[in-house]
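Worksheet for the structure shown next.
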Amino acid sequence: MSIGWAHAGPSILAAFLASTVEFVEALTVVLAVGSVRGWRAALGGSAVAVIVLLALVAVLGTALTRIPLAFVQLAVGTLLLLFGLRWLRKAILRAAGGVGVLLSAFGCFWAGEGIGLDWPGADWSILGLIAGFLATALLAVPLCRARAVGQPIRSPR
Amino acid sequence: MSWVRSILREVFGLFVDDAGFALSILVWLGAVWLVLPRFAVAPGWNGIILFVGLALILLDSAVRQARR
């Protein structure tokens, strides 16, 4: 290595801090999967994902930077959106929530980044999206309750 | 090979359990990506339009689901 740890340190620290958003995102996904499919599956999947990530970095190295960023953002954002909104809808119907709000907000942000949208306030708009999805969920819970209560009871056949 | 199929089914199920809901999300994302740039939308509003559409899809789908 041509540069020492003393020189690389600030870059490593900056990269670590910059990836905090991704850390929270990954943690949210693991928490969501863990509470739905069980902790064994979630932790096992996380361990496999870390191994795959390390293997990809070891094998491909800097060639990873040649993958178009917009494509990765769109693919990851779309998957997060599908998972997050599905989760949030289920949470609304059970009058519970939390994780789905975060996943939906991250998914919306990354999918938007992938298709080249301008977010007002750049990365800070994630906080606005979290507030927006939370407000939508809080609005949806009483609406769903009213619909469910207003339903006539079906007689068993 | 049945274990590969069950893994794939499990992964697919993580993202899609209601085809109509998932399709609505994808169609709205595609519309914001491909159709919205044809209209002169001020910078910054595209993201808000994406969010509002997704929030309405979520609201509509949750209310419909609650009726069942």
Ranking of A:LEU80, A:LEU85 by count of other Cβ atoms within 10 Å, fewest first: A:LEU80, A:LEU85
Alpha carbon centroid spacing (whole Å) that separates region B:1-57 from region A:99-127: 13 Å
Residue among A:LEU143, A:LEU129, A:LEU79 with the largest mean-square fluctuation in a Gaussian network model of chain A, springs linking Cα atoms under 10 Å: A:LEU143
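Just the number, please: Stokes-Einstein D of region A:41-122 in µm²/s, Kirkwood Rh from C-alpha pairs, 25 °C, 0.890 mPa s. Could you put the intermediate results ahead of the total?
Values: Rh = 14.5 Å.
My calculation gives 169 µm²/s for D.
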Chymotrypsin sites (Phe, Trp or Tyr not before Pro) lying in DSSP loop within chain B, provided at most 14 other Cβ fall within 10 Å: B:PHE39
Per-pair calculated FRET efficiency, R0 = 25 Å: A:VAL59 and B:GLU10 via Cβ, rounded to 0.05: 0.40
Sequence of B:ILE48, A:ILE12, B:ILE25 once ranked by neighbouring C-beta atoms within 10 Å, starting from the fewest: A:ILE12, B:ILE48, B:ILE25
Estimated FRET transfer efficiency (A:ARG40, A:ARG66; beta-carbon r; R0 30 Å; 0.05): 0.25
Nearest 10 degrees, 0 to 90: helix A:20-37 Cα axis against chain A principal axis: 40 degrees
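Grab the other residues whose beta carbon is less than 11 angstrom from that of A:ARG89, score K and R as +1, D and E as -1, and report the net. Kindly include the intermediate steps, with their values, before the conclusion.
On the way: positive: A:ARG86, A:LYS90, A:ARG94, B:ARG64; negative: B:ASP17, B:ASP18, B:ASP60.
Combined, the nearby Lys, Arg, Asp and Glu give +1.
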Furthest towards positive pole of dipole, B:ALA66, B:ILE49, B:PHE39, structure part chain B, Cβ charges: B:ALA66
Cα extents of the protein assembly as shown along the three principal axes, largest first (Å): 76, 50, 31
Amide N of region A:79-122 lying under 13 Å from the label point, which is placed 7 angstrom from the Cα of A:LEU143 along Cα→Cβ: A:89, A:92-93
Cα long-axis angle, helix A:125-150 against chain A (0 to 90 degrees, to the nearest 10): 20 degrees
Expected 222 nm ellipticity per residue - DSSP helices of 4 or more, -39500 (n - 2.57), all of chain A, to 500: -26500 deg cm²/dmol
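Counting only C-alpha contacts under 8 Å and six or more residues apart, can you give the relative contact order of chain A as a whole percent?
Values: 119 pairs, mean separation 30.5, N = 157.
Once divided by the residue count of chain A, the mean separation gives 19 percent.
What shape does chain B take by its C-alpha gyration tensor, where a ≥ b ≥ c are the square roots of the eigenvalues and a/c under 1.5 counts as rounded, a/b above b/c as prolate, and the rest as oblate?
Taking the square roots of the gyration eigenvalues as a ≥ b ≥ c, chain B is oblate.
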Rounded tilt (10° steps) of A:5-18 against the dominant C-alpha axis of chain A: 20 degrees
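Relative to the Cα centre, what is the charge dipole magnitude of the protein assembly as shown, using +1 at the beta carbon of each Lys and Arg, -1 at the beta carbon of each Asp and Glu, and rounding to the nearest 20 debye? Don't jump to the answer; show the numbers that get you there.
On the way: 17 positive and 9 negative charges, 252 e Å.
Rounded to the nearest 20 debye, it is 1220 debye.
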Exposure proxy ranking, count of Cβ atoms within 10 Å, fewest first, for B:SER2, B:SER61, A:SER11: B:SER2, A:SER11, B:SER61
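Determine by what factor the alpha-carbon radius of gyration of region A:25-78 differs from 2.2 N^0.38 Å, reporting the quotient. Kindly include the intermediate steps, with their values, before the conclusion.
Working: Rg = 13.6 Å, N = 54, 2.2 N^0.38 = 10.0 Å.
After normalising by residue count via 2.2 N^0.38 Å, the value is 1.35.
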For chain A, with +1 on Lys and Arg beta carbons and -1 on Asp and Glu, the positive-most of A:SER11, A:GLY132, A:ALA58 along the dipole: A:GLY132
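Every number here is computed from the coordinates shown, using simple stated rules; none is lab data. Predicted model, so just to flag it, every value in this text is computed and none were measured. Quick reminder, even Gly has a Cβ in these numbers, built from the backbone with ideal geometry, and neighbours come from all protein chains shown.
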